[in-house]
Amino acid sequence: MSKSLPYSMKDVDYDNAKFRQRSLSKVLNQTILTNNVKRECLRCSTGKFLLVIMLFGIAYLIFTPTRHVSSHRADHAIINSKDNVTVDTSTGLRRFFRKPPRLPPLLTPDEMRTSNTSVHQIDVDASKWMGKQQQVREAFIHAWSGYKKYAMGFDELMPLSKRGIDSLGGLGATVVDALDTAMIMGVEDIVNEAGSWIETHLAEKISQKGQVNLFETTIRVLGGLLSAYHLSGGASVETTSVGPKPIVYLNTATMLADKLLVAFTSSPSPIPFSDVILRDNSAHAAPDGLSSTSEASTLQLEFNYLSDISGDQKYSLEAMKVLKHIKTLPKVEGLVPIYISPQTGEFSGQNIRLGSRGDSYYEYLLKVWLQQGANQNSNLTYLHSMYEEAMKGVRHLLVKKSVPNGLVFVGELPYGASGSFSPKMDHLVCFLPGTLALGATKGMTKSKAMRDNLLTFEDLENLRLAEDLVKTCVETYLVTSTGLGPEIAYFHVEDYFEEGYDGGNKSSKYLNDIIIKPADRHNLLRPETVESLFVLYRITEDPKYREWGWQIFEAFEKYTKVSSGGYTSLDDVTSVPPNRRDKMETFFLGETLKYLYLLFGDTNVVPLDKFVFNTEAHPIPVNGADKRQ
């Protein structure tokens with residue numbers, strides 16, 4: 001390819017002159033004066049005769065007017081702004097000497113090649129990611145095939161043992177968790193199979209089963225049913241032709257929520273009990289008498305939406321009492337301890353972290369506010385204020401950098417703000433980059449938010465932190481021998497380092513920044529990192545997030561896929577080949593593969609300004625966004 005110098009005279013003088021029309025005088029002068037053959041031709045009688053004929057022909061063309069328009073010569077008719085047709089009746093002389101039309105500027109050869117390459121590259125990229133998205137869809141079908149073959153109706157599949165296990169109360173959690181993923185992917189066979197099972201069996205199980213955890217049942221089963229209701233058509237006239245009618249999902253969700261309400265109504269405080277006995281319509285606290293702060297405050301999206309679509313406000317009223325009560329409790333720069341008592345309604349202990357038992361409290365402060373219409377609902381602005389205060393507290397008290405290469409991470413305060421800092425970060429904390437980005441732009445792209453001048457200084461700070469943190473989350477994957485992340489990582493800081501606990505990938509730049517202890521090396525097929533990659537890609541439009549997501553998916557395929565069907569958790573991501581744990585968590589189908597599929601797909605599918613994902617990745621429509629997406 002030729003390469004133009006940016007300041008050469010070649011580029012300055014290039015004006016497409018060779019494509020311009022030349023005047024008749026220039027044509028005749030050049031022809032007569034420069035062509036010796038033609039001068040010789042004029043000396044013979046034949047040449048003179050031809051010249052006379054040519055001159056007569058030119059004179060006829062010049063002086064003969066044109067007064068009609070043939071029906072087949074549409075180029076002589078001009079359509080004006082009122083759609084009237086006017087006819088060009090000018091004389092031949094005027095037409096002959098009229099000013100030649102101005103040609104549009106043409107691209108230089110190099111510019112033409114660059115333009116064509118750009119268009120071609122867009123097509124190639126789109127095709128590339130469609131292919132990768134299809135591979136995620138095939139992985140979902142493979143995961144479901146193992147579950148259907150060996151564990152249909154059980155909560156989870158044990159793919160190595162080829163059997164099912166009820167570890168979440170026996171409500172067929174994988175069926176409900178996977179249903180809306182199948183809907184989004186358009187896998188109609190699975191939608192039919194899962195929907196038919198729900199229609200046939202779930203109501204009976206809800207009536208007869210024993211103890212279930214309020215939080216897990218709400219986010220997985222209730223959330224899955226509500227999302228399926230909306231995605232199958234909801235209250236609209238048009239419904240999908242696949243699976244049960246939407247009312248089946250709504251009725252089942254209502255039946256389940258009525259059972260779960262007892263956790264709220266039987267508690268002496270606004271904080272619900274953690275466990276419900278379905279068949280007895282009773283509830284009780286956990287053995288230690290406490291509820292997790294995140295579990296008590298991660299029920300509101302689901303109960304609010306059920307009230308919206310059922311018209312019965314009792315679900316929302318009970319759930320929102322929790323957040324209204326927590327608003328009144330003392331906090332540390334917006335941060336809260338991870339335990340709370342349903343007996344007293346007070347926080348218990350001082351342990352502050354954004355990992356297990358703390359994580360989704362912060363997530364739902366933002367998402368409940370967004371789902372209810374954000375600024376449209378002034379009664380919930382306190383949630384956004386609590387979220388913003390908490391994120392300032394995170395930046396001030398929990399964000400540190402590793403040594404020697406400066407990875408940004410979020411640590412813990414096991415003994416409160418006055419105690420020592422722990423450089424420990426659960427994989428669960430990797431939800432935070434996506435939440436920070438969502439909170440900054442409210443679901444629109446960064447470029448649009450910047451163009452419309454909608455980002456505050458706080459928004460920009462949170463967005464910058466989100467990008468730094470998601471890089472750290474990805475590096476906890478890339479530092480290991482398998483390319484998969486551990487359940488927990490520690491970070492080398494000035495006053496803490498343990499040798500001999502690296503991830504195993506000796507080529508990683510961050511081998512000495514990240515510490516993975518033997519007890520923390522397992523991988524449960526968790527979704528939090530790919531969730532944040534999905535949100536960051538949607539908001540920043542930076543393709544590196546797709547590339548990182550693809551690397552993670554390839555590692556899942558290589559080390560966790562079970563040939564007979566399903567995928568399995570791992571015991572140790574730092575060794576190859578890794579020992580397998582014989583468990584496929586429901587969230588692998590409900591969250592991990594869903595987020596990967598959406599990461600590689602069209603950004604108009606489940607748009608972030610029209611839907612809020614609950615903490616189990618079930619999309620709930622934003623209030624006012626009633627149309628199906």
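Coordinate-derived values only; no laboratory data. It should be emphasised that the depicted structure is a prediction, and the values quoted were computed from it without experimental measurement. As a convention, Cβ positions derive from the backbone with ideal geometry for all residues, glycine included, and neighbour counts pool all protein chains shown.
Computed about the Cα centre, the dipole magnitude for segment 349-455 is approximately 280 debye when only Lys and Arg (+1) and Asp and Glu (-1) carry charge, each at its Cβ. Rounded to 0.05, the FRET efficiency of the residue 511 and residue 356 pair, given R0 = 22 Å and the Cβ-Cβ distance, is 0.25. The distance linking segment 307-333 with segment 260-302 is 13 Å (Cα centroid to Cα centroid, whole angstrom). From least to most packed, judged by other beta carbons within 10 angstrom and beginning with the fewest, 207, 508, 294 follow the order 207, 508, 294. Is the shape of segment 442-567 rounded, prolate or oblate, going by the alpha carbon gyration tensor and its root eigenvalues a ≥ b ≥ c, with a/c under 1.5 for rounded and a/b larger than b/c for prolate? Verdict is oblate for segment 442-567.
Put in order of Cβ neighbour count within 10 Å, fewest first, the listed residues 386, 450 become 450, 386.
Applying the criteria of a DSSP loop state and at most 10 other Cβ atoms within 10 Å to the trypsin sites (Lys or Arg not before Pro) of segment 498-572 yields 506.
Checking the cross-link pairs 128/149; 446/583; 401/506; 509/558; 367/594 against a 30 Å limit on the alpha carbon distance flags 128/149; 446/583 as lying beyond it. Remark: 325, 492, 427 ranked as 325, 492, 427, counting other beta-carbon atoms within 10 Å and listing the fewest first. Here the mean projected area of the convex hull built on the C-alpha positions of segment 240-355 is 9.0 nm². Structural descriptor for segment 381-525: relative contact order 23 percent, calculated from alpha carbon pairs under 8 angstrom and at least 6 residues apart.
Apply the a/c threshold of 1.5 to the C-alpha gyration tensor of segment 494-591 and tell me whether it is rounded, prolate or oblate. The shape class here is oblate. In order along segment 428-441, the phi-based Karplus estimate (6.51 cos²θ - 1.76 cosθ + 1.60, θ = phi - 60°) of 3J(HN,Hα) comes to 4, 5, 6, 5, 5, x, x, 5, 4, 5, 4, x, 6, 10 Hz; Gly and Pro are listed as x.
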